[in-house]
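The values are calculated or read from the model by the stated rules, or taken from the named source; none is laboratory data. Source: prediction; values computed, not measured. Neighbour counts run over all protein chains shown; Cβ positions are idealised from the backbone, glycine included.
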Amino acid sequence: MLTILFDGIAYGMLLFILAVGLAVTMGLMNFINLAHGAFAMVGGYITVLLMQKMDVPFLVCLPLAFVGTALLGGILERTLYRPLYHKPHLDQVLFSIGLTFMAVATATYFIGSSQQNVQLPEWLKGRTELGEGAWMLGMGHYRLFIIAVCAALTMGLQYVLSKTRFGSHLRAAVDDQRVAAGLGINVNTVFLGTFAVGSGLAGLGGALGAEVLGLDPSFPLKFMIYFLIVVAVGGTSSITGPLLAALLLGVADVAGKYFIPKMGGFIVYSLTIAILIWRPQGLFVRKGGK
């Protein structure tokens, strides 16, 4: 039982890092980016290719995946995304879905459709067990590593958004771009940095999740619904909401697949529907927020 809870928490933390960039772009930038999973796939492939082709250590690949995906996100924000900021949401959805299918086709053409494997360092492959019987806690070292990394990123992200000048500039730009610009805030630069960091976090999540979730060109389509559930259930006006939603989703998914394998997906979607009926705006909504 405790092992299932632990694995669910690790899975939820991973989903949070994968989806938090989407929560930021939807909640703070008011842009529906359904191609978010494609950035996660790019981060995963950066890690796999660096390790397979250049023998780069796994721990070195993680920051490289973040930086590489952030740079790609910044380039696409300047060239493709920015003209769509003030377009109807339907235009944004159709554009980002088209970009997702282009990313899937590109990955299939250049890398192939087979699933890629990540060779973890030996110290991340072990498992520690505590207790006995039904209450034994089995902790995979790699899942412990995921929880630690994701917890550190969560605290760092919360600090940046709530305590730094960049966070205050971002909130001001979201509330009223014209007033923010009049106060001397470079709105375009703030949005560029936000989109790049959100894309980089997705890439880092893809790098961390390649061993747990698997990595192939269908990755953005397979996990798109999970990202949307995290954002819809958690809300988009804070970091706390998506974090709690990701943990609930992770535990429910792992427990459902363990106890009722044939109904694992049904349990997750039923829980999502129940929460949205109870709280249509999400679990956490900033008072007075949009």
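For A196, indicate whether it is buried (at least 17 other Cβ atoms within 10 Å of the Cβ), in contact with an Asp or Glu (Cβ under 9 Å, 6 or more places away or on another chain) and touching a residue at least 12 places away in the same chain (Cβ under 8 Å).
Against the criterion (buried (at least 17 other Cβ atoms within 10 Å of the Cβ), in contact with an Asp or Glu (Cβ under 9 Å, 6 or more places away or on another chain) and touching a residue at least 12 places away in the same chain (Cβ under 8 Å)), A196 qualifies.
When only residues in the stretch 213-262 that are under 13 Å from the mean Cα position of the chain (by Cα) and aromatic (F, W, Y) count, which is farthest from V160 (Cα to Cα)?
Per the stated criteria, the residue is F219.
Yes or no, residue by residue, for (1) more than 19 Å from L22 (Cβ to Cβ); (2) of a type outside the set (A, V, I, L, M, F, W, C); (3) not in a helix (DSSP H, G or I):
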{"position": "L59", "(1), (2), (3)": "yes, no, no"}
{"position": "A65", "(1), (2), (3)": "no, no, no"}
{"position": "T69", "(1), (2), (3)": "no, yes, no"}
{"position": "I75", "(1), (2), (3)": "no, no, no"}
{"position": "L80", "(1), (2), (3)": "no, no, no"}
{"position": "D91", "(1), (2), (3)": "no, yes, no"}
{"position": "G98", "(1), (2), (3)": "no, yes, no"}
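I'd like the full set of residues that are part of a helix (DSSP H, G or I), exposed (fewer than 15 other Cβ atoms within 10 Å of the Cβ) and not hydroxyl-bearing (S, T, Y), limited to the stretch 254-275.
Within the stretch 254-275, F259, P261, K262, M263, G265, F266, I273, A274 meet the criteria.
Please identify the pairs in which a residue from the stretch 1-20 that is within 27 Å of S199 (Cβ to Cβ) has its Cβ atom under 6 Å from the Cβ atom of a residue that is buried (at least 22 other Cβ atoms within 10 Å of the Cβ) and aromatic (F, W, Y), counting only partners at least 6 apart or on another chain.
Listed pairs, sorted by first residue: A19/F227.
Yes/no matrix, rows are residues, columns are (1) farther than 28 Å from S218 by Cα; (2) without any contact (Cβ under 8 Å) to a residue 40 or more places away in the chain; (3) more than 21 Å from the chain's Cα centre (by Cα):
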{"position": "P88", "(1), (2), (3)": "no, yes, yes"}
{"position": "G98", "(1), (2), (3)": "no, yes, no"}
{"position": "Y142", "(1), (2), (3)": "no, no, no"}
{"position": "K163", "(1), (2), (3)": "yes, yes, yes"}
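Tally time: how many residues in the stretch 98-111 are crowded, with 16+ Cβ neighbours inside 10 Å and under 30 Å from Q177 (Cβ atoms)?
3
Among the residues of the stretch 114-150, which ones are among the β-branched types (V, I, T) and not in a helix (DSSP H, G or I)?
The answer is V118, T128.
Would you tally the residues in the stretch 4-23 being surrounded by fewer than 24 Cβ atoms within 10 Å (Cβ to Cβ) and either under 14 Å from A40 (Cβ atoms) or of a type in the set (D, E) (or both)?
Within the stretch 4-23, residues that are surrounded by fewer than 24 Cβ atoms within 10 Å (Cβ to Cβ) and either under 14 Å from A40 (Cβ atoms) or of a type in the set (D, E) (or both) number 2.
Is one or more of the residues making up the stretch 24-41 part of a helix (DSSP H, G or I), among the aliphatic types (A, V, I, L, M), in contact (Cβ under 8 Å) with a residue 40 or more places away in the chain and farther than 26 Å from T154 by Cα?
The answer is no; no qualifying residue exists.
Any residue at all in the stretch 60-83 that's farther than 21 Å from N117 by Cβ, modelled with pLDDT under 95, aliphatic (A, V, I, L, M) and surrounded by fewer than 17 Cβ atoms within 10 Å (Cβ to Cβ)?
Looking through the stretch 60-83, at least one residue is farther than 21 Å from N117 by Cβ, modelled with pLDDT under 95, aliphatic (A, V, I, L, M) and surrounded by fewer than 17 Cβ atoms within 10 Å (Cβ to Cβ).
Does the stretch 30-50 contain any residue that is more than 16 Å from the chain's Cα centre (by Cα), more than 18 Å from I111 (Cα to Cα) and not basic (K, R)?
yes
Just the residues that are within 9 Å of the chain's Cα centre (by Cα) and of a type in the set (S, T, N, Q), please, taken from the stretch 190-207.
S199 - this is the single residue of the stretch 190-207 that is within 9 Å of the chain's Cα centre (by Cα) and of a type in the set (S, T, N, Q).
What pairs can you find where one residue is in the stretch 256-268 and in contact (Cβ under 8 Å) with a residue 40 or more places away in the chain, the other is loosely packed, with under 11 Cβ neighbours inside 10 Å, and their Cβ atoms are less than 7 Å apart, with a gap of 6+ or different chains?
none
Between a residue in the stretch 109-134 that is within 18 Å of L49 (Cβ to Cβ) and any residue that is surrounded by 10 or more Cβ atoms within 10 Å (Cβ to Cβ) and of a type in the set (G, A, S), which pairs come within a Cβ distance under 7 Å, given they are 6 or more apart or on different chains?
That search, which allows pairs on different chains as well, returns Q115/G214; Q116/A210; V118/A210.
If a residue must be surrounded by fewer than 22 Cβ atoms within 10 Å (Cβ to Cβ) and among the aromatic types (F, W, Y), how many such residues does the stretch 31-59 contain?
1
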